[in-house]
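Presented below is the structure to which this report refers.
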């Protein structure tokens, strides 16, 4: 019998080596650059959108108004004053004739000014009375009335002065028992439902991941909710990230958190033996 003991084969651990180091460095670099790059891309896209779909038409309308009123010479003087932001060309055949061509930047600036003027007008007494009538006229048009209400809902959601009021953040068993979802308490329950059930109910909005602007609205009893010590911003970050970003005060300690594989469950201690309640002599 040989006294030699076979040594166990050396097992290479994953995540070691030059390839793994290159992968980690590349992912970290991508995570550092991508947010700034996406921000620049988004700003450039917004600028191009306003320039191509707003500024061009504002320029066309402004040029038509200037030609109709006959203010070409005044625009030429204004162009020289603001260092060429308005592109004006003199016709070579007639030095007194002015060929007007506004630049895209001018259209964007004029659009912002126009938006401010319209907003100021709507805030006045006359605007508050006149604007609802204009909306009613739009809702009577066959095609516009099928699109305008939905576009108005979207703009009111993002730009409305009255923001959605969330009273507190709770966890509720939804969509079934044993499955908990984060919810925003928005209001008390509906009167008809509360009267029929003889119970006090809460209206809870369950946001969906990764777009919390959509979700489900449910009504449950207050005792069926678990209040959570977290802000609305923390709840939204957790919803958008799919649970990856959890508030620090809600994170489980490293020693207690266990990542289980699908289909596995933690060991359950044996239950104590049941006491025999059968009376003696039975």
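FYI, it's all coordinate maths here, none of it is from the lab. The shown structure was predicted, so the numbers you read here are calculated from the model rather than taken from an experiment. No Cβ is skipped: glycine too gets one built from the backbone with ideal geometry, and neighbour counts run over all protein chains shown.
Side notes on the structure shown:
- Placing dummy labels 7 Å off each Cα toward the beta-carbon, the span from residue 233 to residue 145 is 4.4 nm.
- Label-point separation, residue 159 to residue 248 (7 Å along Cα→Cβ), nm: 3.8
- Gain in span if fully extended, residue 173 to residue 218, counting 0.36 nm per residue against the direct Cα distance: 15.1 nm
- Each peptide in 48-59, 220-231 was scored by the mean count of other Cβ atoms within 10 Å over its residues; highest first, the order is 48-59, 220-231.
- Peptides 170-178, 184-192, 245-253 ordered by average Cβ neighbours within 10 Å, highest first: 184-192, 170-178, 245-253
- Once the convex hull of all Cα atoms in segment 136-239 is built, its volume per residue stands at 155 Å³.
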